[in-house]
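**Student:** First, the structure itself, so that you have it in front of you.
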Amino acid sequence: EFKEKGIYQVERYDGDPYGAIAFEDFVRDPENNPRPNSESGKFEIFSRKLADVATAMGYSEVPAIPKYIPPIEGYEYTKNGEFPYQRITIHYLRRCHTLFENVPNLREAWPSNLIISSHDAKKVGVQDGDSVMLTAPNGGRIVRPVTVSERLMPGVILHPHGSPPEIDEETGIDFGGGDNSILGANKTGMGISGYNSSVVNMEKWNGPKQIPDVEKPIVGPKL
């Protein structure tokens, strides 16, 4: 019938399951049907019980009234001068996390460069295709080519997520650009670590010119 008419009417009748009210007892009489897992017996926007658990863990506090909480490696952190750039990891069309990294034509189409603003490129003295070294508070370092963009806010670096690390044993520098190489173990809330944003310093790389990823050998998983 749906194929013929392009529409189908669901038959309704008294007692059918399409008129169910979620938490109906509570909705009709909240005083005599309190919610079992909340301190107030109601639906809570703020849970004091949960907030006390988070506070007891010692990482941070959960305020009852929403407010801005400066992240551990956020914008405010860049003001100390040592790590003036905010690095943000982004999902990238070349891969799904680390999957499809071994597909040559995807390596060719999407070079997985760091993306920086034209303002910062002039400040550091680099152009499209040049390489920079990022250094993080945790001591990690990566070296990657850059793509210069007019669409990016100065002080922000976009870092494609999922690059497999290529760590040089002598220097400890990650030439593959793994995002976790320059990410500290920053715990907040109930022990959740922040993965998508951190602070770094950026400088022009004057070492050996990097080989494009598409020209590197494909390394399979170790079995």
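The values are calculated or read from the model by the stated rules, or taken from the named source; none is laboratory data. Remember, it's a predicted structure, so these values are computed and weren't measured experimentally. Neighbour counts are summed over all protein chains in view; Cβ atoms, including those assigned to glycine, are modelled from backbone coordinates with ideal geometry. In case anyone asks, the SASA skips ligands and DNA or RNA and just uses the protein heavy atoms, side chains included. Shrake-Rupley method; radii C 1.70, N 1.55, O 1.52, S 1.80 Å.
**Student:** For the range 104-134, give me the residue count where each residue is surrounded by fewer than 18 Cβ atoms within 10 Å (Cβ to Cβ), polar (S, T, N, Q) and closer than 17 Å to PRO84 by Cα.
**Tutor:** So the count comes out to 1.
**Student:** Residues in the range 176-222 that are hydrophobic (A, V, I, L, M, F, W, C) and farther than 14 Å from THR135 by Cβ: how many?
**Tutor:** 7
**Student:** Now for a different question. For GLU61, are the conditions met, namely being more than 24 Å from the chain's Cα centre (by Cα) and of a type in the set (Asp, Glu)?
**Tutor:** no
**Student:** In addition: Can you pull out every residue in the range 81-110 that is among the hydroxyl-bearing types (Ser, Thr, Tyr) and at pLDDT 95 or above?
**Tutor:** TYR85
**Student:** Looking at the range 47-64 only, could you name the residues that are more than 22 Å from ARG35 (Cβ to Cβ) and without any contact (Cβ under 8 Å) to a residue 40 or more places away in the chain?
**Tutor:** Across the range 47-64, the qualifying residues are THR55, ALA56, GLY58, GLU61, PRO63.
**Student:** Taking the range 148-189 on its own, how many of its residues are outside any loop (DSSP other than H, G, I, E, B), acidic (Asp, Glu) and open to solvent by 10 Å² or more (accessible area, probe 1.4 Å)?
**Tutor:** 1
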